[in-house]
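Chemist: Here it is, the structure in full.
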Amino acid sequence: MAFHGFSAEGVDLLQLNRLQNSKEFYDAHKDEIKRLSIRPFHELIAEMTPEMVKIDPQFVTVPSRMVSRVRRDTRYTKDKTLYLANMWLCFRRARRERESVPAYYFELHRILGLRLLGRVGQRRNGSAARNDPRRRQAVP
């Protein structure tokens, strides 16, 4: 499975799906959305994983855990739009281990194109090193 890029057709289909905002439209085009929009992200992950695990061997590399969903969770928001017009993936550690480690975020958007962002997380109180359990064990 080699990555051959993202097609304009796939990006346009995501936008159209968002504009239609109906389960009927999504169900009728589900296979096409998977083929043109989701599969390229899985191919990109497969191609990038060998280099990304050199940065951090603990990155989650299971595509289903890394790629955004097409359908939004609308339970706790005023905006009830069901579908996204963009997709993203993120190389990061599992939730319980990602408080102060790097993460790399890639977003495909119709207007913004492909964006790459890297970040290093911080613990909420800003004291990552002081509260690290490994550090407490090392200090007498």
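The values are calculated or read from the model by the stated rules, or taken from the named source; none is laboratory data. Just so you know, these numbers come straight off a predicted model, no measurement behind them. All Cβ positions, even for glycine, are placed from backbone atoms using ideal geometry, and neighbour counts span all protein chains on display.
Chemist: If I ask for residues that are part of a loop (DSSP other than H, G, I, E, B) and farther than 16 Å from LEU89 by Cβ, which ones from region 6-29 would you list?
Modeler: SER7, ASN21, SER22
Chemist: Would you confirm whether or not region 46-56 contains a residue that is closer than 23 Å to ILE111 by Cβ, touching a Ser or Thr at 6+ places or on another chain (Cβ under 6 Å) and part of a helix (DSSP H, G or I)? Please lay out each step first, then the result.
Modeler: Kept after step one, since they are closer than 23 Å to ILE111 by Cβ, are these residues of region 46-56: none.
No, that holds for no residue.
Chemist: From the list PHE41, PHE106, PHE3, exactly one residue is part of a loop (DSSP other than H, G, I, E, B) and on the phi < 0 side of the Ramachandran plot. Which is it?
Modeler: Numbers: PHE41 fails: part of a loop (DSSP other than H, G, I, E, B); PHE106 fails: part of a loop (DSSP other than H, G, I, E, B).
Just a single option satisfies the conditions, and that option is PHE3.
Chemist: So GLU32 fits all but one of (1) in contact (Cβ under 8 Å) with a residue 12 or more places away in the chain; (2) exposed (fewer than 14 other Cβ atoms within 10 Å of the Cβ); (3) in a helix (DSSP H, G or I); (4) out of contact with any Gly (no Cβ under 9 Å at 6 or more places or on another chain); what number is the exception?
Modeler: (4) is the only condition that GLU32 fails.
Chemist: Moving on to the next point. Keeping to region 58-100, report how many residues are of a type in the set (Gly, Ala, Ser) and over 27 Å from ARG110 (Cβ atoms). Full working, then the answer.
Modeler: In the first step, residues of region 58-100 are kept if they are of a type in the set (Gly, Ala, Ser); the result is 64, 68, 85, 94, 100.
Subsequent filtering for residues that are over 27 Å from ARG110 (Cβ atoms) retains 94, 100.
Number satisfying all stated conditions: 2.
Chemist: Can you tell me which of ARG115, ARG65 is closer than 28 Å to TYR26 by Cβ, out of contact with any Leu (no Cβ under 6 Å at 6 or more places or on another chain) and at pLDDT 90 or above?
Modeler: On the way: ARG115 fails: at pLDDT 90 or above.
Being closer than 28 Å to TYR26 by Cβ, out of contact with any Leu (no Cβ under 6 Å at 6 or more places or on another chain) and at pLDDT 90 or above holds for just one of ARG115, ARG65, which is ARG65.
Chemist: Any idea which residue in region 63-84 is nearest to the chain's Cα centre (by Cα), counting only those that are surrounded by fewer than 16 Cβ atoms within 10 Å (Cβ to Cβ) and touching a residue at least 40 places away in the same chain (Cβ under 8 Å)?
Modeler: If we take residues in region 63-84 being surrounded by fewer than 16 Cβ atoms within 10 Å (Cβ to Cβ) and touching a residue at least 40 places away in the same chain (Cβ under 8 Å), then ARG71 is nearest to the chain's Cα centre (by Cα).
Chemist: Next question. Could you tell me whether any residue of region 89-111 is surrounded by 11 or more Cβ atoms within 10 Å (Cβ to Cβ), small (Gly, Ala, Ser), at pLDDT 90 or above and within 29 Å of GLY10 (Cα to Cα)?
Modeler: no
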